[in-house]
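The values are calculated or read from the model by the stated rules, or taken from the named source; none is laboratory data. Keep in mind it's a predicted model, so treat the numbers as computed, not measured. Note: ideal-geometry Cβ built from the backbone for every residue, glycine included; neighbour counts use all protein chains shown. All accessible areas refer to the heavy atoms of the entire protein, side chains included, with ligands and DNA or RNA removed. Shrake-Rupley method; radii C 1.70, N 1.55, O 1.52, S 1.80 Å.
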Amino acid sequence: MRNSVKIVMCLLLLLVLIQGVQAAETYVFVTKWGSQGSGDGQFNGPGGIAVDSSGNVYVADSNNNRIQKFSSTGTFITKWGSEGYGNGQFFAPRGVGVDSSGNVYVDDGGQARIQKFSSTGSFITKWGSQGSGDGQFRLVNYIAVDSFGNVYTLETGQTGGNQRIQQFSSTGTFLTKWGSVGTGDGQFWSPGGVAVDSSGNVYVADASHGIQKFSTAGRFITKWGGVSPRGVAVDSSGNVYVAEYGQIQKFSSTGTFLTKWGSGGSGDGQFNSPGGVAVDSSGNVYVSDTSNNRIQKFAIQIATPTPTPTPTTIATTVPTTVPTTTITTVPTTTSTTIPPTTTQTTAITTGPTTYLTTVPTTSQTTITIVTPKPTATVNYDATIAAMQSQIAEQNARITEQGNILNQIMTFLRSIFGWK
């Protein structure tokens, strides 16, 4: 019985060696852009970040009261906005979202309204006012857009804020709302971000709960975490990315931890109070590194260990006798035609008189001459030499396989104490 257990363990060990370790995913730093300032490509406290279907990146440059647009590699494209109360002006915008048509939605937090723009910054419409009623805001800071163009706004502030989610159509029509101040399921306490997946599920980053997940109508589904998240995003597979003080964590749609990266600091791959996170269609992750006044981009890297090679058994048949070579010769047939004679003399005797007459010959005679083919000489020395070379090659393969098997047995003896 004991030997049977050892055999089973050996087989399992060999399966592990063959299959290797399951691939693990990590994220690597790709690029960064931005610095402190008010010039093109500079930031002053960047907050929300969003990516459109073409990979363009939109950043709410909060303290510069503007939106900046970049390519996926950080090349500056355009900007719009300034401090003020008119259309296309802002007062400390923090949240930004993009719909499938490229329209851009900005929460104008200090003015309790949402503004909608084209992808180039042309003003389209706005809605909202100060208050706690439907379609009103006290302090709106975060925004997300689903695949149908519905807009979700998240209000924050421990005291005096509405602490709720409101849902609007793409033109600003109020649809529904949920949430209140508190620490229970479905309540919020200093929320820090909102995101929507392709199925319409809504994820809220909240200081008292970590991440709360709701249906598109606001029904509480689940929650996980609890380390004051500051931003949240969802990729096309439903994976959830959470920005915290010095790191990014990745979860499944049900809250299972998958991976994390980053640390506090200002180096590549480090963060200082990240304010937003976004994911493009290729899975690249963009982080608004607020206190470092920059954007960092990361890409997934699949680390696949090299599987342990296993010995291969090759079936080999070695001949024991030298084969006999049979050579068959075929006789050669040669046809020779003898031309007919032109005349033939015949003696005709009639009585005492003899007459000579010439009769032409009309027939043609063909004579067939068969010449046998000479018997070929067989080179037995060359045949024997070729067979000896094949036998030597097969012996070398058998020796190599034996060495591999000896290594495996030595390894197993060292583990199980076999003799």
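Things to note:
- Phe174 modelled with pLDDT of 95 or more and surrounded by fewer than 22 Cβ atoms within 10 Å (Cβ to Cβ): yes
- When region 206-216 is limited to residues that are among the hydrophobic types (A, V, I, L, M, F, W, C) and at pLDDT 95 or above, the one that is surrounded by the fewest Cβ atoms within 10 Å (Cβ to Cβ) turns out to be Ile211.
- Residue, least open to solvent (accessible area, probe 1.4 Å), within region 46-57, restricted to residues that are outside any loop (DSSP other than H, G, I, E, B) and farther than 21 Å from Glu155 by Cβ: Val57
- Residue check, Ser228 at pLDDT below 95 and open to solvent by 40 Å² or more (accessible area, probe 1.4 Å): yes
- Identity of the residue in region 256-290, surrounded by 15 or more Cβ atoms within 10 Å (Cβ to Cβ) and not in a strand (DSSP E or B), that ends up modelled with the lowest pLDDT: Ser273
- The set of residues in region 18-45 that are open to solvent by 50 Å² or more (accessible area, probe 1.4 Å), modelled with pLDDT under 95 and over 17 Å from the mean Cα position of the chain (by Cα) comprises Ile18, Gln19, Val21.
- Of the residues making up region 58-81, those that are aromatic (Phe, Trp, Tyr) and open to solvent by 10 Å² or more (accessible area, probe 1.4 Å) number 2.
- Of all the residues in region 104-125, those that are open to solvent by 10 Å² or more (accessible area, probe 1.4 Å), part of a helix (DSSP H, G or I) and not polar (S, T, N, Q) number 1.
- Qualifying residue in region 142-153 (condition: modelled with pLDDT of 95 or more, open to solvent by 10 Å² or more (accessible area, probe 1.4 Å), over 33 Å from the mean Cα position of the chain (by Cα) and not polar (S, T, N, Q)): no
- The residues of region 82-98 that are in a loop (DSSP other than H, G, I, E, B), closer than 22 Å to Gly149 by Cβ and either open to solvent by 30 Å² or more (accessible area, probe 1.4 Å) or in contact with a Phe, Trp or Tyr (Cβ under 6 Å, 6 or more places away or on another chain) (or both), listed by number, are Asn87, Gly88, Arg94, Gly95.
- For region 101-117, the tally of residues that are hydroxyl-bearing (Ser, Thr, Tyr) and touching a Gly at 6+ places or on another chain (Cβ under 7 Å) stands at 1.
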